[in-house]
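Asker: Have a look at the structure that comes next, please.
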Amino acid sequence: MTYFPAYPVTRPRRLRRTPEMRELFQETRLSVSDLIYPIFVRNGSENKPVTSMPGQMQIGLNNLEDEIQRIEQLGIKAIMLFGIPEKKDPQGSDNLSPDGIAPRAIQLIKKTCPSLTLISDLCLCDYSDHGHCCIVDPVNKHFLNEPTLNYLSKAAVIHAQAGSDMIAPSGMIDGMVSAIRAGLNEAQFVYTPIMSYSAKYASALYAPFREAAECAPQFGNRKNYQMDPANSREALKEMALDVAEGADILIVKPATFYLDIIQSAKANFEVPIAAYQVSGEYAMLQAAAQNNWIDLKACVTESFFAMKRAGANNIITYFAKDFAEWNS
Ligand code: PBG
Ligand code: ZN
């Protein structure tokens, strides 16, 4: 029994003695089934790497089938789709046509892997030439709420008709959840859930995503419709509004810098909470790991524990494939 020190040890240390005991008393567990993998799809046969997100790419529609099969083989159960249209215009029309990039990708994904849960993002900024998440008045550049709601509810129906399993509006537009719910219900898609980006901050951590989705705002910024990083109480209001409007799942975004928001989301609402580990979080971890300054697997795993400890049910993460490989 020389293993034990002579002095009395505390209970937490007794329970940490062996790897087996540590596992036995683990309060949170991670599984590939917790994860949602975001993908970017473009037209054509070319896969375009995203420079600021090493390992991620815009997938050419012609290569999508292979990529989706790989994702499913890794054990990933859910993906989130962002479409990158060939042509952007002020009205974001590509997303209102059944021949648009998103509906075509949705059809192909559901044909290839019917049981992979497909969540589709709807936001106008991916489809509009001005890069804002709402319809913009061409003259005075005001953000127009009603036309945006109309757009979102139409786009949601287009996505659902193409086969999307779940709709994820990321624009932080007032009334977006009820407008989308009404549109879906009217078109008989009463079973299509809405995963709402309810607490989405105007974060500098979205920069790599804007390269990936080619959606940087062409004037101004998003600080009017996205939340102020200095504030936590307005997140409660935003989430309460979305729950009242019929949101089925709430997203908190970004994740690691906003663990307090995840915790209060979990404490205040009964719906599942998803944490979005955004592009900038991915880029920081990748950059440090590429310099051999941190151990990527250990740090990513630790970041997932942080989100789950805070109360996240699901994690939307660009590390989903890596995590699946590390744990296979
Ligand atoms: C678009 C959208 C953004 C992200 C998801 N949907 C960027 C933004 O709001 O500017 C960010 C995702 C990420 O950084 O990984 N509304
Ligand atoms: Zn947007």
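Asker: With a cut-off of 8 Å between alpha carbons and a minimum separation of six or more residues, what is the relative contact order of segment 214-328 in percent?
Answerer: Relative CO of segment 214-328 lands at 25 percent.
Asker: For Lys110, which aspartates and glutamates qualify as cross-link partners when the Cα separation must be under 18 Å and same-chain residues fewer than eight apart are set aside?
Answerer: In chain and number order, the partners are Glu65, Asp66, Glu67, Glu72, Asp99, Asp121, Asp165.
Asker: To continue, here is another question. Dipole of the chain, Cα-centred, from +1 at each Lys and Arg C-beta and -1 at each Asp and Glu C-beta, to the nearest 20 debye?
Answerer: About 1100 debye.
Asker: For Ala182 paired with His142, estimate the spin-label separation in nm (one decimal), with each label point 7 Å from Cα along the Cα-to-Cβ line.
Answerer: Those two pseudo-labels are separated by 2.0 nm.
Asker: Please give the FRET efficiency for Gln69 paired with Tyr7, using the beta carbon to beta carbon distance and R0 = 51 Å, rounded to the nearest 0.05.
Answerer: After rounding to 0.05, the efficiency reads 0.35.
Asker: OK, next. When ranked by the protection proxy of mean other Cβ atoms within 10 Å per residue, highest first, what sequence do the peptides 276-282, 39-45 form?
Answerer: 276-282, 39-45
Asker: Looking only at Asn231, Asn62, Asn221, which one moves most when the chain is put into a Gaussian network model with springs between Cα atoms under 10 Å?
Answerer: Asn231
Asker: Now for a different question. In straight Cα distance, which lysines are under 18 Å from Lys266, not counting same-chain residues fewer than 8 positions off?
Answerer: Lys200, Lys237, Lys253, Lys308
Asker: Shape of segment 31-326 from its Cα gyration tensor (a ≥ b ≥ c, root eigenvalues): rounded if a/c is under 1.5, otherwise prolate when a/b > b/c, or oblate?
Answerer: Rounded shape, in that the Cα axes give a/c under 1.5.
Asker: Report the FRET efficiency, 1/(1 + (r/R0)^6), for Asn268 and Ser45, where r is their Cβ-Cβ distance and R0 is 45 Å, rounded to 0.05.
Answerer: 0.45
Asker: Testing the spin-label approximation: label points 7 Å from Cα along Cα→Cβ at Thr28 and Asp89. State their distance in nm.
Answerer: The answer from the label model is 4.6 nm.
Asker: Here is a further query. Once amide H atoms are placed 1.01 Å from N in the peptide plane, what residues at a sequence separation of 5 or more from Gln56, or on another chain, have their amide H within under 5 Å of its amide H?
Answerer: Excluding prolines and chain starts, which carry no amide H, the hits are Val50.
Asker: So, R0 is 41 Å and r is the distance between the beta-carbons of Lys237 and Glu20; what FRET efficiency does that work out to, to 0.05?
Answerer: It comes to 0.35.
Asker: While we're looking at this one, here's another question. Can you tell me the orientation of helix 176-186 relative to the chain, as the angle in degrees between its alpha-carbon axis and the longest Cα principal axis, to the nearest 10?
Answerer: 70
Asker: For segment 79-206, take the convex hull of the Cα atoms, compute a quarter of its surface area, and give me that in nm², please.
Answerer: Hull-based average projected area comes out at 7.9 nm².
Asker: From the phi angles alone, apply the Karplus equation (6.51, -1.76, 1.60; θ = phi - 60°) to segment 253-260 and give each ³J(HN,Hα) in whole Hz, x where the residue is Gly or Pro.
Answerer: Using θ = phi - 60°, the values come out as 8, x, 9, 5, 7, 10, 5, 5 Hz.
Asker: Another question, if that's okay. From a point 7 Å beyond the Cα of Gln290 in the direction of its Cβ, which residues of segment 54-70 have a backbone N at a distance under 20 Å?
Answerer: 54-59
Asker: A further question on this structure: Would you please put 106-114, 145-153 in order of how densely packed they are, using the mean number of other Cβ atoms within 10 angstrom per residue and starting with the highest?
Answerer: Ranked by mean Cβ neighbours within 10 Å, highest first: 145-153, 106-114.
Asker: Same structure again: Rank Ala212, Ala230, Ala187 by mean-square fluctuation in a GNM of the chain with C-alpha springs under 10 angstrom and give only the top-ranked residue.
Answerer: Highest fluctuation among the options: Ala230.
Here, each number is a calculation from the coordinates, and none is a lab measurement. None of these values were measured; they are calculated from a predicted model. Note that we place each Cβ from the backbone using ideal geometry, even for glycine, and neighbour counts take in every protein chain shown.
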